Every structure is written in C-alpha cells, then in structure tokens.
1. Only one of these is basic (Lys, Arg), in contact (Cβ under 8 Å) with a residue 40 or more places away in the chain, crowded, with 18+ Cβ neighbours inside 10 Å and not assigned by TED's automatic domain parsing to the domain that holds A:Asn26: A:Arg110, A:Arg95. Name it.
2. May I ask you to say which residue of B:Asp215, B:Asp171, B:Asp205 is among the charged types (D, E, K, R), part of a helix (DSSP H, G or I), open to solvent by less than 70 Å² (accessible area, probe 1.4 Å) and touching a Leu at 6+ places or on another chain (Cβ under 8 Å)?
3. Take B:Val183 and tell me if it is more than 22 Å from B:Met12 (Cα to Cα) and either at pLDDT 90 or above or among the β-branched types (Val, Ile, Thr) (or both).
4. Given B:Asp171, B:Asp190, which one is more than 19 Å from B:Lys140 (Cα to Cα) and of a type outside the set (Lys, Arg)?
5. Under the condition of being under 23 Å from the mean Cα position of the chain (by Cα) and farther than 20 Å from A:Tyr75 by Cα, which residue from the stretch B:77-93 is farthest from the other protein chains (Cβ to nearest Cβ)?
6. Please verify whether the stretch B:28-35 includes one or more residues that are under 28 Å from A:Leu146 (Cα atoms), outside the structural domain of B:Gln180 (by TED's automatic domain parsing) and among the acidic types (Asp, Glu).
7. Can you name every residue in the stretch B:142-152 that is open to solvent by 40 Å² or more (accessible area, probe 1.4 Å), in contact (Cβ under 8 Å) with a residue 12 or more places away in the chain and either within 12 Å of another protein chain (Cβ to nearest Cβ) or touching a Ser or Thr at 6+ places or on another chain (Cβ under 9 Å) (or both)?
8. Got at least one residue in the stretch A:154-169 being among the aromatic types (Phe, Trp, Tyr), under 18 Å from the mean Cα position of the chain (by Cα) and either over 25 Å from A:Leu37 (Cα atoms) or not assigned by TED's automatic domain parsing to the domain that holds A:Ser78 (or both)?
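The values are calculated or read from the model by the stated rules, or taken from the named source; none is laboratory data. Treat the numbers as computed from the prediction; the structure is a model and nothing was measured. Ideal geometry is used to build each Cβ from the backbone, glycine not excepted, and the neighbour counts take in all protein chains shown. Areas reflect the complete protein model, heavy atoms only, side chains present, ligands, DNA and RNA absent. Shrake-Rupley method; radii C 1.70, N 1.55, O 1.52, S 1.80 Å.
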Protein chains: 2
Amino acid sequence: MMEKLKVYVDRMSQPSRAILIFCRLNGIDFEEVQIDLSKRHHLSPQFTEVNPLQKVPAILHGNFNLFESHAILAYLASAFPGIADHWYPTDVFRRAKINSVLDWHHSNLRYGAVNYVINTVLGPALGRPLNPKAAAEAEKVLLSSLSKLEDIWLNGDGRFLLGAFQPSIADLSLVCELTQLEVLDEKDRDRILSPYKKVLRWIKDTKAATNPHFDEMHNILYRAKKKFQQQRSRVAKTETETSNEIGGHSKM
Amino acid sequence: MMEKLKVYVDRMSQPSRAILIFCRLNGIDFEEVQIDLSKRHHLSPQFTEVNPLQKVPAILHGNFNLFESHAILAYLASAFPGIADHWYPTDVFRRAKINSVLDWHHSNLRYGAVNYVINTVLGPALGRPLNPKAAAEAEKVLLSSLSKLEDIWLNGDGRFLLGAFQPSIADLSLVCELTQLEVLDEKDRDRILSPYKKVLRWIKDTKAATNPHFDEMHNILYRAKKKFQQQRSRVAKTETETSNEIGGHSKM
C-alpha cells in the first residue's frame, strides 16, 4: 500500500485551500503539513526537496512529489479511486473544456486577483509595500476577467462553469481565488464584484456544494478579514479625529 | 465521420505555431484558418463564434470549439488516434508532471518572454508603445524562469523536460515560446540565453526532434527577425553618422 498522501500548504494561500477542500470533500486520507509562508518555511531544505520551486501547495504521495495546484487537483481526481466524475470528467470533450478554463485562469483571474489583493491589503504581511499603481493595473485585469466569467464561462444551463450541473476542479480553483477578495475593504469588494450577478450566484453555489469544508478551510481568511477591518476602522477613526482637529483649527 | 479539424492561427503567435507543428508532426489532417492579428481578424464575428475570448489559437472539430493552447494540445493528443504516447503520456504520474510544467509556464516563462519581446521589439506592430520599465520587469521574470528550467525542469537523464527521452507537448509549447526571442537584438538575446547551457541544448534538441515542421512554421518569425535586424542597423548607422558629425564639430 502507498504511504499516506502528504499535502504541504499554507491555509492563507488560495490554491492551498482548494486542494484541502478537494481532499476533504472526496474522503481522501491525507496529512496536512503546514508551511508557514510568513515564517519562510517554504525556503527550508526539507520543503525544497518536495518542491524545488519553493511554493505551496505541493504534495508527496509515496515517493511521487508534485506541485502546481491545477496539476495536483487533476492528479488527485485521477489517482484516487471513487472520485465522482464531475470533478474532472473522463469524457475527452468535457475534460478539454475544463482544461481550457484552468489554463485561462493563470494570466487572467488569478493574475488580477492576486496582484490586486497584494497591492491593496496583503503586501506588508509578505514584506512587500502596497503599490497603488500596480493595484490599478491589476484591477483592470480582474474586472476584465470577471466580465469574461459572467459572459462566457458561466453561460449555459447549469449553475457551474461551462454550464455544468455539478462543480469541477475549475469551479473550486476559481472560487477559492475569488474568495480571497474577502480581505478587501467592503466598499472595494462591492465595487468590484457587485456588477457580476452570475459570478456572485456561482460563488454562493460553489460554497454551498462544498460546505462545510469550504468554510472550515476559509476560517483563517475570515479571521484575517476581521483583523484588516479593525485596522481600517482604527485608521479611519484616527483620520476623522485628525481632520476634526484641523477643521476646528481652520475655523478659529 | 467528423468534419476536418479547423485550426485558427496567426503564425506570428507562438502558441499558434506549437499547435501547427504538433498537427503536422502527428499526421493530423487539418485546415489552417489564418486569423491575422495585425488586421484585427480576431475581432470578427465569425471568429468570435469559435473563440469568444477573441484570441488565437483556437480549434473547431465538428461542432466542438476549444481555445487555450495547452488545452488544445492535450485534446489533440487524446482525441486523435495513433498519437505517440510520449507527447502526453497516459501514465498518471508522467502526465501529472507534464501538467505541472505546463501550469508553471503561464506566469513564469510565458509571462517573462511575451512581455520582454513586446516591450523591446514587437509592441509597435501591435499598436503598443515600447516600455523600457516593463521590459526590465519582464526580463527579471524571464531570467528567473530560465534558471528554473536549467536547474529544475531540465534535470534528469534524458534531453527533454523532466528528464524524458522523447519530447512532450510541454517541450513543444515552451520551446516555441523561447524561439520568439529570435526577433531580439542579437546582443540582448545572447545576454539572456547564453548562461543557460542546458536550455540552449534543449532548444536545439527539440527543434531537431520536430523538424522540418519546426522551421517551416517559424519561417515567418525568421523573416521578421531579418526585418528587425535591418531596421536596427539603419538606426545604428544614422546614429553613428550623427555622432560623427557631432564629434567633428566638437573638434573644431
């Protein structure tokens, strides 16, 4: 028998969460190995042996190591017995379409979402300054990707990508990506997402289809969201007080 | 019988060339439909029906349309009979590793190479100004990707990616991407590629394994290379003459 699957993740990373949710949903027996990016665990020699690219997520299955989240999801769906076909259909046409969304994702939705969030909120936690110009460029890519989701990828009879009636690994990957927008300021998040009604419904449907695992794996993000909200309201309060004082002075 | 495969391409696009080479190499009977990006054919209503994202390459196989070059390559390798297994192995482990390189490619080698070439040479032909700052950022990603290729992806006994003894769709995709560097100024190209000896050998080996189709599909690029060289030497000549004149004056 093969050794138990090891899954190397930081739950703050959205592709890490997608892998964890997939394993839980499908009853895959695995050990979660935490690689804390903020403590630079991904640069350790032990982890570098599993993933020489020093990124999470990665897996070790017996002596087979693998990285890149889409490749991992496709592998898990194929290598473990009894995974429902809708996750990564064996039908050559349906599988090709799912590969097509997954490929599109990299330079579009993922590029836009990651760079927007890093340059507006998460950067400092990863040792990078916020960059409003880069955020504005990322927002353009993000909005264009959302409109492609709304008008193209979510077309069809079913509630999931490509008009499917049940979710695939693409739904899981893309919805985990979008869920990181939770850490944004509420106003920003609304401005970005609210025009895309089908996208909003699809996020809700994918969560519902993958709960309670979806919420469990996102708890860390929901906590981070609260922390960032509190920081923002402290900053806002200080700014109001300062501006009141200035206002007071100017009336003198 | 299914209708003949239609392949929508602009041979100036590197993923288009990869698809064409794959079809020729594997004796796939297809019709090449030219979508001239410089004439904005990709925005036509007819092509938008095939690919609503309005990008090349795309295929139409009977009434099945597909876009994103990696998804297309995987589809062709699976849907057509008699394609040699090494292109996209059915073995779950080998396939997973190839998917892993293909996924990595998007935000690394492709991102770096495309943005470097567009911001140093090709931009104006596509209606975009050259941008030295964006070129410098792209170069960083490109160099980092080349070193990952050299130290990680090209490790192993064989001459191809992942130590394989025969090429896969990943070799084809990545080498086509790198071959676009041909249009660069010779000095830039040397500076970028010459430190990576394994990469250089692998490019040569992949060309050899896929010729004469590789060179045939790249003829358009080799012609563009000459054109850009002539432009550069005209500019250099004018600059030398101008600087000689200035030199002459300063000696007076």
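1. After ruling out the rest, the residue left standing is A:Arg110.
2. Only one candidate passes the filter, namely B:Asp171.
3. No: the conditions fail for B:Val183.
4. Sole residue among the options that is more than 19 Å from B:Lys140 (Cα to Cα) and of a type outside the set (Lys, Arg): B:Asp171.
5. B:Ala84
6. So far as the stretch B:28-35 goes, no, none of its residues is under 28 Å from A:Leu146 (Cα atoms), outside the structural domain of B:Gln180 (by TED's automatic domain parsing) and among the acidic types (Asp, Glu).
7. B:Ser144, B:Lys148
8. yes
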